[in-house]
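The values are calculated or read from the model by the stated rules, or taken from the named source; none is laboratory data. Note that the structure is a prediction, hence the values are computed from the model and not measured. Ideal geometry is used to build each Cβ from the backbone, glycine not excepted, and the neighbour counts take in all protein chains shown.
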Amino acid sequence: MQCCSLLYRFGVIPPVIYKLSSLETLLISDNQVSELNAAGLQGLTKLASLDLQNNNLSNIPPELGNCTSLRYVNKEPYLNLQERNSVLLAGILHNLC
């Protein structure tokens, strides 16, 4: 299992992270990330767990629903069921179009 934890108050996820093709867990809590690169995260085909707590995110991009291996997303206070379903539905609809 490959895990990566960012601990240095990053404003964005460093591009080198998107090259870790076998990454399964990404812990970016307690940073200053204000937006997510959905395309970069989609390239992490084994990513199953994503911790986004305590960042500056105002929303989760719907494209994150296209990450088929992603099973757990944690966003402070939490990614509620309605928001998660919206993200997943948007990803499914995007795949159908």
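When residues of region 2-19 are filtered for being assigned to a loop (DSSP other than H, G, I, E, B) and not hydrophobic (A, V, I, L, M, F, W, C), how many remain?
Keep residues of region 2-19 that are assigned to a loop (DSSP other than H, G, I, E, B), which gives 6-14.
Of the ones still in play, those that are also not hydrophobic (A, V, I, L, M, F, W, C) are 8-9, 11, 14.
Selection size over region 2-19: 4.
What residue, of Leu41, Leu47, is outside any loop (DSSP other than H, G, I, E, B), within 15 Å of Thr68 (Cβ to Cβ) and modelled with pLDDT of 90 or more?
Just a single option satisfies the conditions, and that option is Leu41.
What residue, among those in region 79-92 that are modelled with pLDDT under 50 and hydrophobic (A, V, I, L, M, F, W, C), is farthest from Gln32 (Cα to Cα)?
Leu81
Identify, from the list Glu35, Glu24, Glu63, Glu76, the residue that is at pLDDT 85 or above and in a loop (DSSP other than H, G, I, E, B).
Only one candidate qualifies: Glu35.
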